[in-house]
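Everything on this sheet refers to the single structure shown next.
The values are calculated or read from the model by the stated rules, or taken from the named source; none is laboratory data. All values derive from a computational prediction rather than experimental measurement. As a convention, Cβ positions derive from the backbone with ideal geometry for all residues, glycine included, and neighbour counts pool all protein chains shown. Areas reflect the complete protein model, heavy atoms only, side chains present, ligands, DNA and RNA absent. Shrake-Rupley method; radii C 1.70, N 1.55, O 1.52, S 1.80 Å.
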Amino acid sequence: MIEGKKINKILYGGDYNPEQWDEATRDEDMVLLPKAGVDIVTVNVFSWARIQPSENVYDFSDLDSIVKRITEKGINICMGTSTAAYPAWMAKKYPDILRVDFEGRRKKYGARHNACPCSPTYRKYAPKLAGKLAEHFKDQDNIVVWHINNEYGGMCYCENCEKSFRDWLRKKYGTLENLNSAWNSAFWSHTFYEWDEIVAPNELSEYQMGRRSQFPGISLDYMRFNSDMMLQNYMDERDAIKRIIPDAVCTTNMMNLFKGLDYRKWAKEVDIASWDNYPQGFTEPHYDSFAHELIRGLKDGKPFMLMEQSPSVTNWLPINSLKRPGEMRRYSYEAVAHGADTLMFFQMRQSPASSEMYHGALIDHSGRDDTRVFKECAALGEELKRIGNATLGGVAPAECAIIFDWPTWWAIEDIGGITDRVRYPDEMISYYRALYGGNVPVDIIGPESDLSKYKLVIAPTYYMVHESDKERFEEYVREGGCMLFTFYSGYVDENAHILKGGYPGTLRELIGARIEESDQLYEDMEHFYCEGIRLPEHPANTSNSFVYKKKSYPAYKLCDVMYNEGAEALAVFDEDFYRGRPAVTRNRLGNGYVYYIATSSTGEFYSQLIDDICGECGVKNVFGDRVTAADTWDGVEIALRSTGSRRVFYIINHEDMEKQTVFPFDGDELTEGKTISAGDTLRLAPKGVNIVSVQNPLGSS
Ligand code: GLA
Ligand code: ZN
């Protein structure tokens, strides 16, 4: 819910870039957009050059005429600040705004998302523009959200960034002595005696052997620094707007599983989280849901804005296949089911030229309102009017959480020695998939989040441990909470320094075991080349397996060689010199359990495991029932949003054939306006969605 604004339905619309159109086309838009049920448009995302044609001239006349037309139609506005692409004159006059790339090349003017975050020019003119816009539109009541910049991302390695990096480090470490010790700079003689000896870690410096850092301490801090600097850019603009409009709702659109920025830190500064979802057709449905949960989790479960999705195709894949009939609707409701309170597209009308002219839009090049895409969008627009505020503000009442942490992601994937097969998000998604298959509401949280409201907290590859973790986690478990860790947990502190005493460091009592070695598996890697080195064709350790609940499962990626110190083994490895050593353990601590999974395996294994663990820890599915193994998943996803007085179930058929499901409560089906009785069989159309609202018997979520 966009707080503080009078909104009583899911806002529907998206990016509208009429600066590319003549007046006649703009007039046509004002007929077509309302026809499709559009009630919000995002304007001014890329208009800087038009608004500020030269250094001292600001001209809002064109934007005024766009805003006037939209306002006359009663459409809400999401106001962009235009700062994701600066004018060419600015780069010519002030080259400090141009980025220096990873290879050390100073870029020339071009493309977008291209400003050096530390450029004095950018830091002066971007907030200035935001402030001017706020001043100009302060009485424009239909601006419900401010959309700052656009998809922040990328890195810069210029001299201004280097200087700011040193300031950032000085603030963080105080002295060079602290910094040298945090980075273990005695290694390879990296000790710094003056601050200005420190340079940006890129291909010219610490990455001379490929994409893994030769000096992880500095690289990890550079990721943090870059994220902080871009966040500062965002905050500069936000503050400029709020100085004039104190209650302005400000956000910026985030991206799908984007590694470059610590979104959890960013989320503290946005009033509502928002993101752009471009599912690529070939990913399984749980992947999209995970991305939604990740964004929803950034603001402690509060609803978010779906800022962009394509009504049909994208233009940036090598092959851009169509969303089939019904898919746009299905993706849309999947977003709402997991917390979206707006449904917005990129874009309202296709560009007449330039790089995105073939990107899908509500209105395509034909300008017609009877295309398949337009008709599907208009039908959804109608439906959203009917649904009204039924789920607005609703939250997922999750009893289970997964911990996801950006600095851990950076640290674990940027250091030699960790198997290349480990991709941090994949480890989360393996467990999430099983929960998703069992229709279990899940929150994605950070390491610092309050655990007390969850029955089960899953922390795959919990590689980076924070000082307070030991005490907090142990207390949580002693009081009855359950936790699950996997391989590569408890290795380093926040500076990527190995924790003393071996793995899993300070998590040892919690897990009730120690890990002495980890055996990385080559499986299926006969033809695998790594940075020019061909790996052996028939290495010794290609596979392993373990038996869990009388069934054998393969072990993938790596196997920990672990020794229990109180934990019991629920499964042991079958082969190699560590045959008989634990593969799955459970440790009782106070009133709770801690599980440890020493390898990676199949979806079938995760389903069985999650089924058992949810049973043991008391985690229920959306209907409040015991979770049943997810490998029986029938392609139907059921997600729940609870508004307090109502529980609204989204029943999504991801498959191309009709499905049936028995619905356990009395309720109202919102898309068709039917009444449902407990035990009724719902017939789900191929790729169809049904939404059933049920009275919340407890009267609260
Ligand atoms: C991103 C951007 C948009 C547009 C779309 C195209 O999400 O924010 O400006 O380029 O991609 O898919
Ligand atoms: Zn820079």
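Numbers for the structure displayed
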read-out: Net charge, Glu197 excluded, C-beta distance under 12 Å - Lys, Arg +1, Asp, Glu -1; value: -2
read-out: Under 15 Å, Cβ to Cβ, from Ala273 - net charge with Lys/Arg +1 and Asp/Glu -1; value: -4
read-out: Spatial separation of Cα centroids for the stretch 363-399 and the stretch 139-185, in angstrom; value: 38
read-out: Cα convex hull of the stretch 180-239, projected area averaged across orientations, nm²; value: 5.1
read-out: Compactness of the stretch 24-77 - radius of gyration and Dmax, Cα, Å; value: 12.8, 40
read-out: Under 19 Å from Lys35, Cα to Cα: lysines that are on another chain or at least 8 residues apart; value: Lys9, Lys68, Lys73, Lys375, Lys385
read-out: Whole-Å semi-axes of the stretch 1-50's equivalent ellipsoid (Cα gyration tensor); value: 23, 16, 7
read-out: Stokes-Einstein D (µm²/s) once Rh is taken as the Kirkwood radius of the stretch 243-336 over alpha-carbon pairs, at 25 °C in 0.890 mPa s; value: 170
read-out: Rounded D (µm²/s) - the chain, Kirkwood Rh over Cα pairs, Stokes-Einstein at 10 °C, 1.306 mPa s; value: 59
read-out: Solvent exposure ordering (accessible area, 1.4 Å, most first) of Thr342, Thr602; value: Thr602, Thr342
read-out: Cα-based shape type of the stretch 359-455, given that a ≥ b ≥ c are square roots of the gyration tensor eigenvalues and the cut on a/c is 1.5; value: oblate
read-out: Of Lys108/Lys268; Lys323/Lys674; Lys138/Lys453, those spanning more than 32 Å from alpha-carbon to alpha-carbon; value: Lys108/Lys268; Lys138/Lys453
read-out: Largest to smallest principal axis extent of the C-alpha atoms in the stretch 426-476, angstrom; value: 34, 23, 14
read-out: All-pairs alpha carbon distance profile, the stretch 460-522, 5 Å steps from 0, percent; value: 4, 18, 29, 26, 14, 6, 2, 1, 0
read-out: The stretch 287-358: chymotrypsin sites (Phe, Trp or Tyr not before Pro) falling in loop per DSSP and having at most 11 other Cβ within 10 Å; value: Trp316
read-out: Cut-off 12 Å between beta-carbons: net charge of the residues surrounding Lys549, Lys and Arg +1, Asp and Glu -1; value: -1
read-out: Chymotrypsin sites (Phe, Trp or Tyr not before Pro) within the stretch 182-239: DSSP coil, no more than 12 neighbouring Cβ in 10 Å; value: Tyr193
read-out: Computed Kirkwood radius, in angstrom, where 1/r is averaged over Cα pairs of the stretch 149-192; value: 12.2
read-out: Options Thr81, Ser213, Ala567, ranked by Cα towards positive dipole end of the chain, top entry (Cβ charges); value: Thr81
read-out: Cα-based equivalent ellipsoid, the stretch 294-432: semi-axes from gyration tensor eigenvalues, Å; value: 33, 23, 12
read-out: Cα-centre dipole for the chain with unit charges at Cβ (Lys and Arg positive, Asp and Glu negative), debye to 20; value: 1080
read-out: Flagged links, alpha-carbon separation over 21 Å, of Lys455/Lys550; Lys92/Lys124; Lys5/Lys242; value: Lys455/Lys550
read-out: Per residue, in Å², the accessible surface of the chain once ligands and nucleic acids are set aside, probe 1.4 Å; value: 40
read-out: For the stretch 10-141, radius of gyration divided by Kirkwood radius, i.e. Rg to Rh on alpha-carbons; value: 1.03
read-out: Normalised contact order of the chain, rounded percent, pairs of Cα under 8 Å and 6 or more residues apart; value: 11
read-out: At most 14 other Cβ within 10 Å, DSSP loop - GluC sites (Glu not before Pro), the stretch 554-622; value: Glu565, Glu575
